[in-house]
Amino acid sequence: MTALDETGRTDPAPPDTLVATLAGAAYTDPAAFTREQESILERRWMCAVRSADLDAPGRFATVDIGRESVLVVRGRDGALRAFLNSCRHRGALICTEAQGAVRRNLQCPYHAWTYGLDGALVAAPNLSSLGDIDRTRYGLIGVASREWLGYLWVCLADEPPSFTETVIGAVTTRLGSPEQIDRYGVADLAMAHRETYEVAANWKLIVENFMECYHCATIHPELTEVLPEFADGLAAQYYVGHGAEFGSEIEGFTVDGSSGFAPLPDLTADQDRRYYAITINPTVFVNLVPDHVIVHRMFPTAVDRTVVVCDWLYHPDVIASGGDTRGGVELFHRVNVQDFDACERTQPGMSSRAYASGGVLVPAEHHIAQFHDWINEMCADG
Amino acid sequence: MTALDETGRTDPAPPDTLVATLAGAAYTDPAAFTREQESILERRWMCAVRSADLDAPGRFATVDIGRESVLVVRGRDGALRAFLNSCRHRGALICTEAQGAVRRNLQCPYHAWTYGLDGALVAAPNLSSLGDIDRTRYGLIGVASREWLGYLWVCLADEPPSFTETVIGAVTTRLGSPEQIDRYGVADLAMAHRETYEVAANWKLIVENFMECYHCATIHPELTEVLPEFADGLAAQYYVGHGAEFGSEIEGFTVDGSSGFAPLPDLTADQDRRYYAITINPTVFVNLVPDHVIVHRMFPTAVDRTVVVCDWLYHPDVIASGGDTRGGVELFHRVNVQDFDACERTQPGMSSRAYASGGVLVPAEHHIAQFHDWINEMCADG
Amino acid sequence: MTALDETGRTDPAPPDTLVATLAGAAYTDPAAFTREQESILERRWMCAVRSADLDAPGRFATVDIGRESVLVVRGRDGALRAFLNSCRHRGALICTEAQGAVRRNLQCPYHAWTYGLDGALVAAPNLSSLGDIDRTRYGLIGVASREWLGYLWVCLADEPPSFTETVIGAVTTRLGSPEQIDRYGVADLAMAHRETYEVAANWKLIVENFMECYHCATIHPELTEVLPEFADGLAAQYYVGHGAEFGSEIEGFTVDGSSGFAPLPDLTADQDRRYYAITINPTVFVNLVPDHVIVHRMFPTAVDRTVVVCDWLYHPDVIASGGDTRGGVELFHRVNVQDFDACERTQPGMSSRAYASGGVLVPAEHHIAQFHDWINEMCADG
């Protein structure tokens, strides 16, 4: 770290040195969060469920997206579908467990209205003679969905934005070309570990934290050991296409820099020994290293509460052969804990009069202003 | 359960097959609950306390009715009286325990203002020479009350509705004649058991659940064993005067159908071997079977929280002789738990956009629409 | 206690016998509390930290004043200073512990922006060449502060009211002359004990309780034993300059009336064997007895929640020689518990319709009306 030089000023004070952030109320006002639920969380593509978690017909998961409980189920045809998790009869939740399996149909446990795995109403007690009930009209209400990177993404908007532009486009913009992500074969990886974090902070603080590395020297000793350039404070996301390079003594992306596994088979030479971080607005982070991929999904639950689910994905051969992934998992788990601690101590400061009109972004953080602009734009649309 | 017949339609789609429910917000919006507190819970007759719980002068109970703490106390004259539980001096609660006893007077434990069991101010420290204090004006504020069925019913309205019409009338309408309930001698029964349930659901969901039996086949295996017609989905409340008949193998209203006790002495033959359920709006259910009576009192505490107190009442001789009432108690305790579980899984569905304009009532539930009309009418009055 | 005399009326009902209190909503409405935060808690002088708790440069404390986290730190020059506890960069709390120590500077643990103990920005990573950052402009935001009675008082107002008038003046008005408090040498006393109470009541109920002694006979048996005139119900604060005298058998201000310690050295004879209670609006109580001083600081956290910190202060020689202060500490600890229990049972009564337009003050409580007027005046100013 370099202190402000007291004497030797070299630059003539560029007017754009410090850029304003959002105001504090954006992180503390329940009305602001409601606006974001309506205009962002319930209108944009959200990464809901890892496809491989539901590996057979009848397997289902429930997940909270915005203010909705969404039910994802694998159909007899092998496809994943998403529905609002509410019976069309009297509104009970169809499924309450986070994950489970049904044999043939989805049956409401209150009055036994029964839906096919495609959502159509297939049976309702005592209604045999009432042929006028339109089974489609009273089927479960579908939610737009799309599989990509081995996850089912859902969108609660009536007219979802383009998946290609808003999701795939975010990755392409960050990595420089659409083929880069394909080489990691993310959809075919196997899960080594999943960790769920309950963070007492507004979700935007978590995004902003992920977007910059100005904090890395202060709170991430293990990560800056592996990626020395992070100690300089520039985020991997600052330059298009740039991946932070491993230190010369570092053998792998592990907590102590010891060797990991062979690089994923299709990587190019310039993807080896590098870490790429990608933010997909609003709630997904993808982290690429040569031998594994880390995916964060956020589920904001209140203006000051966010659940973060983090998956560590390796080549299936590594998992099948019982490879020891603990060194890799431990590295980013520590990074997560360090980051979420920082977000939690920032949350209370958001309500101070000192932050009423916001704080400032230093040059290494200026790209966060684009995220703030995006938030304002989305909420203005509502 | 009969599935919707896919081919053999017999009815030409009567337009009133499915009837709309209340909108979801009626079950989730705190403002709707406040309206119900003002227009229903604090204006209608509410069943507050079992009279026999307060069996001597000075015995008192406190109970929350709407947003008020109500103090019920038995006077030296043997009568029960109800008051707002707030000292006229500086407002402290006079009594804080749910039940207790005082010797002679009700004394505020803060500054010792002292009230007779009839509520009149009888003493206040240091005020001996201040004869201008009107003891009646500064007496505890009385609440309208009326004993019936062995309970004290209270009404917080300035001008209570007719008890005869709104409470006794509800029972008469259900049973077909005013003498029917009298034969059970409810006020003279003895309590075998009391159970208190904290239910995470709006109180109206609990009423609706109690009003219909369309769910019985799905969630009440023991009850439908005892009352086979319940498996068909028609509620005992659907026809005026109808009581559901015990199955031919059933000996008593017990969890396994084994024999209970002798029928209550004044029952007619057509009341034997039958179960009658009665809803008294807004918050009371009465269940009549030959050898006992089950009384539910609800105390809604928030838009999504309701306390339900359930008393099992038997002939005093059964209790005095140590009769084993466990089989009867266990049956309806299981029914309660099954019902409240269903209500709790329905509550979250009320906030889904799938339920924004409500769900539907099948023919066996159409009488619930009358309850919805009543709710709307009461709240419109406010 | 004297009961209202039923027959022998002597006074012709003076119209001012009973005076109205504030309305119940003043104690239950979150909007009323917000108004008080803005107009009182964040605008008046609040007693924040005992100076001796921070006995060396770099020692700091954090304390919640109104809705702000305030950071108090002792500088290298020995002075205490108060700041808003929020980093000027991205708003994180600078310090999170209630008390602690730093070596040289205050450093934000998120991105390492570093401030001197005087609040000036002294370093920020990567900003060496950016001399245009005004270190004063981006220093920690200072809060007005003033040491008195051995405590640091802070005021969040942009233009604080006169400390002399509003704080020292309150003590002078109560005791009759400005020299009275000086003789206790409060700033030089040592702390024997500190107790923190979490009270489920509005802070104004705690003030009102402290201002009157009409409740003493009812709830304070130990205190009225020591101070017999308290049994008559007149508060020590009722007459300017009056201190309640110890009972003739009482040797000291202890839980059983046994002897305490020698009077503080500069007391006058008329200050010996007397108890003086002083309310300093809005949140401080000072209690003076011959051999010790008890200071209450309140920290209101919600409309129905207040944290009270109580310090027992004795002559340093008593503490240094290991004198047994338990008898003195126990007396007021019991008084505190008795008072806060009373306040907690009063809080629920505030929301009763019986208290909607408030209660009444008897003559011994009439001075509480001045507090109510002050509250109304302060909030009207906002």
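Values quoted throughout were computed directly from the atomic coordinates according to the rules given, and no laboratory measurement underlies them. As the structure is a prediction and not an experimental result, all values here were calculated from the model. All Cβ positions, even for glycine, are placed from backbone atoms using ideal geometry, and neighbour counts span all protein chains on display.
Estimated at 0.36 nm per residue, the fully extended path between C:Ile319 and C:Ala52 surpasses their Cα-Cα distance by 94.7 nm.
Separation of region C:249-271 from region C:325-371 is 27 Å, based on Cα centroids. Once you reduce region C:186-204 and region A:181-223 to the center of their Cα atoms, the two points are 44 Å from each other. Arranged from fewest to most other beta-carbon atoms within 10 Å of their beta carbon, B:Thr283, A:Thr136 become A:Thr136, B:Thr283. In order along region C:114-126, the Karplus-derived 3J(HN,Hα) couplings, from 6.51 cos²θ - 1.76 cosθ + 1.60 at θ = phi - 60°, round to 10, 10, x, 5, 8, x, 6, 6, 10, 6, 8, x, 6 Hz, and Gly and Pro are given as x. Placing a label point 7 Å from the Cα of A:Glu97 along the Cα-to-Cβ direction, the distances to the matching points in the other copies come to 4.6, 4.6 nm, shortest first. As a ratio to 2.2 N^0.38 Å, the alpha-carbon radius of gyration computed for region B:140-239 takes the value 1.34. Ranking of A:Thr28, A:Thr346 by neighbouring Cβ atoms within 10 Å, starting from the fewest: A:Thr28, A:Thr346. Net charge in the neighbourhood of C:Gly233 (other residues with Cβ under 14 Å of its Cβ; Lys, Arg +1, Asp, Glu -1) is -3.
When chain A is described by a simple charge dipole with +1 on each Lys and Arg Cβ and -1 on each Asp and Glu Cβ, the residue from A:Val335, A:Asn85, A:Phe253 located farthest towards its positive end is A:Asn85. For chain C, no complete DSSP H run has alpha carbons reaching 27 Å or more along its own long axis together with a mean Kyte-Doolittle score of 0.5 or higher. Placing a label point 7 Å from the Cα of B:Asp324 along the Cα-to-Cβ direction, the distances to the matching points in the other copies come to 6.2, 6.2 nm, shortest first.
Considering every alpha-carbon pair of the protein assembly as shown, the percent of pairs per 20 Å bin, from zero through the bin containing the longest distance, is 10, 29, 33, 24, 4, 0. Put the Cα centre of region A:22-37 next to the Cα centre of region A:108-129 and the gap is 40 Å.
Ordered by packing density, taken as the mean number of other Cβ atoms within 10 Å over each peptide's residues, highest first, how do A:84-95, C:209-220, C:137-148 rank?
Going by the mean number of other Cβ atoms within 10 Å, highest first, we get A:84-95, C:209-220, C:137-148.
Other protein chain C-beta atoms within 10 Å of residue C-beta, averaged over C:100-113: 4.
So if I place +1 on the C-beta of Lys and Arg and -1 on the C-beta of Asp and Glu, and nothing else carries charge, what would the dipole magnitude of the protein assembly as shown be about its Cα centre? I want it in debye, nearest 20.
For this selection, approximately 540 debye.
Shielding by partners for peptide A:79-86, expressed as the average number of C-beta atoms from other protein chains within 10 Å of each residue's C-beta, is 3.
Between copies, the label points of C:Ser177, set 7 Å from Cα on the Cα→Cβ line, lie 9.3, 9.3 nm apart, reported in increasing order to one decimal in nanometres. The residue in chain A that lies nearest, by its beta carbon, to the axis linking chain A with chain B is given here with the distance in whole angstrom as A:Pro30, 8.
Counting neighbouring beta carbons within 10 Å and listing from fewest to most, the residues A:Phe299, C:Phe332 come out as A:Phe299, C:Phe332.
Charge dipole of region C:45-160 (Cα centre as origin; +1 on each Lys and Arg Cβ, -1 on each Asp and Glu Cβ, all else neutral): 280 debye, rounded to the nearest 20. Charged neighbours of C:Val303, selected by a Cβ distance under 11 Å, balance to 0 (K, R count +1; D, E count -1). Rounded to the nearest angstrom and listed largest first, the equivalent-ellipsoid semi-axes of region A:50-201 from its Cα gyration tensor are 33, 17, 15. Estimated from the Cβ-Cβ distance and a Förster radius of 35 angstrom, the FRET efficiency linking B:Thr34 and C:Asp158 is about 0.40.
Take the Cβ-Cβ distance between B:Glu251 and C:Ala200 as r, set R0 to 60 Å, and report the resulting FRET efficiency rounded to the nearest 0.05.
0.70
Pairwise Cα distances in chain C exceed 31 Å for 42 percent of all pairs. Karplus-based coupling profile of region A:73-82, in residue order and whole Hz: 9, 8, x, 5, 7, x, 8, 8, 9, 10, with θ = phi - 60° in 6.51 cos²θ - 1.76 cosθ + 1.60 and x standing for Gly or Pro. Computed on the Cα atoms alone, the convex hull of region C:20-135 gives a volume of 141 cubic angstrom per residue. Judged by a Cβ-Cβ distance under 4.7 Å, the unpaired cysteines of chain A are A:Cys47, A:Cys95, A:Cys155, A:Cys310, A:Cys343, A:Cys379. Only helical runs count toward this figure. For the protein assembly as shown, summing -39,500 (n - 2.57) over DSSP H runs of n ≥ 4 and dividing by all residues gives -5500 deg cm²/dmol at 222 nm. Give, as a single signed number, the net charge of other residues whose beta carbon lies under 12 Å from the beta carbon of A:Val143, with Lys and Arg counted +1 and Asp and Glu -1. After counting each charged neighbour, the total is 0.
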